[in-house]
Amino acid sequence: KSQTMQQEHLFKVLVIGDLGVGKTSIIKRYVHQIFSQHYRATIGVDFALKVLHWDSDTVIRLQLWDIAGQERYGNMTRVYYREAVGALVVFDVTRASTFDAVLKWKDDLDTKVTLSHGKPVPAVLLANKSDQVCSQQPRLDTFCRENGFVGWFETSAKENTNIEAAARCLVEHILTDE
Ligand code: GDP
Ligand code: MG
């Protein structure tokens, strides 16, 4: 195919989960290849753009929406969710309460946005800070199947583990659900 046949997609992807689970760290790692112990909890919504040369015909611009400050309320406004086509739902493997909150976030997502044909937006579950636990995270296949996640990954923003794989999984589902 000629260059002019190249397809470009712009996908709005939400990164949600409780305060301190590593949402900002995951985005900074994925987009800027950096990690810091100290990200300010900036108030409001922040964006980062990741350009993926998906294949020879397809360029994908992932617009990653970070949230800050509002996580403590456990839900976001419809404006934030509008036109999102995918989500990364993050919890912290060292804090059980953040896993308990995962279903609340998934529910908030599903009640506030659906794809144009009415299907829920694909969501991938991220078990973050996996560098901090020696024992393996229990498998979450059944949990994901029962709760409508398209997949799950043990991630570490610190050690750059599985973040690209998780994003790739999400994009694959976004492309097939379109
Ligand atoms: P957010 O509130 O969800 O955006 O969380 P942050 O990205 O601000 O991260 C909260 C804290 O967890 C920060 O001190 C980060 O450095 C730390 N953190 C984030 N991801 C990881 C990780 O994968 N491993 C470890 N060990 N710490 C992490
Ligand atoms: Mg943050």
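The values are calculated or read from the model by the stated rules, or taken from the named source; none is laboratory data. Note that this is a predicted model, so its numbers are computed, not measured. Note that we place each Cβ from the backbone using ideal geometry, even for glycine, and neighbour counts take in every protein chain shown. We work out accessible area using only protein heavy atoms, side chains counted, and drop any ligands, DNA or RNA first. Shrake-Rupley method; radii C 1.70, N 1.55, O 1.52, S 1.80 Å.
Take the residues in the stretch 18-34 that are assigned to a loop (DSSP other than H, G, I, E, B), under 17 Å from the mean Cα position of the chain (by Cα) and more than 6 Å from ligand 1 (Cβ to nearest atom), then tell me which one is modelled with the highest pLDDT.
Here the answer is Asp18.
Quick one: Ala84 ticks every box in (1) modelled with pLDDT of 95 or more; (2) in a helix (DSSP H, G or I) bar one, so which box is it?
The one condition Ala84 does not meet is (2).
Being touching a residue at least 24 places away in the same chain (Cβ under 8 Å), closer than 15 Å to Ile26 by Cα and of a type outside the set (D, E, K, R) is true for just one of Ala165, Ala127, Ala123. Which residue is that?
So the residue among Ala165, Ala127, Ala123 that is touching a residue at least 24 places away in the same chain (Cβ under 8 Å), closer than 15 Å to Ile26 by Cα and of a type outside the set (D, E, K, R) is Ala127.
Quick check on the stretch 141-148. Is at least one of its residues of a type in the set (Lys, Arg) and either surrounded by fewer than 19 Cβ atoms within 10 Å (Cβ to Cβ) or touching a helix residue (DSSP H, G or I) at 6+ places or on another chain (Cβ under 6 Å) (or both)?
Checking the stretch 141-148: at least one residue is of a type in the set (Lys, Arg) and either surrounded by fewer than 19 Cβ atoms within 10 Å (Cβ to Cβ) or touching a helix residue (DSSP H, G or I) at 6+ places or on another chain (Cβ under 6 Å) (or both).
Would you mention how many residues in the stretch 38-57 are touching an Asp or Glu at 6+ places or on another chain (Cβ under 8 Å), at pLDDT 80 or above and not charged (D, E, K, R)?
Matching residues across the stretch 38-57 total 2.
Determine which single condition His117 fails, assuming it passes every other condition in (1) modelled with pLDDT of 95 or more; (2) more than 21 Å from Arg61 (Cα to Cα); (3) not polar (S, T, N, Q).
So His117 meets the others, but not (1).
Mind checking which residues of the stretch 59-81 are at pLDDT 95 or above and more than 16 Å from ligand 1 (Cβ to nearest atom)?
Val59, Ile60, Arg61, Leu62, Gln63 - these are the residues of the stretch 59-81 that are at pLDDT 95 or above and more than 16 Å from ligand 1 (Cβ to nearest atom).
Is there a residue in the stretch 97-110 that is surrounded by fewer than 12 Cβ atoms within 10 Å (Cβ to Cβ) and either within 16 Å of ligand 1 (Cβ to nearest atom) or assigned to a helix (DSSP H, G or I) (or both)?
For the stretch 97-110, residues surrounded by fewer than 12 Cβ atoms within 10 Å (Cβ to Cβ) and either within 16 Å of ligand 1 (Cβ to nearest atom) or assigned to a helix (DSSP H, G or I) (or both): present.
Residue pairs, Cβ under 7 Å, 6 or more apart or interchain, first in the stretch 22-38 and open to solvent by 70 Å² or more (accessible area, probe 1.4 Å), second near ligand 1 (Cβ under 7 Å from one of its atoms) and not polar (S, T, N, Q). List them.
Phe35/Ala157; Phe35/Lys158
When the residues of the stretch 131-156 are narrowed to those that are assigned to a loop (DSSP other than H, G, I, E, B) and closer than 23 Å to Val85 by Cβ, which ends up farthest from the chain's Cα centre (by Cα)?
It comes out as Leu140.
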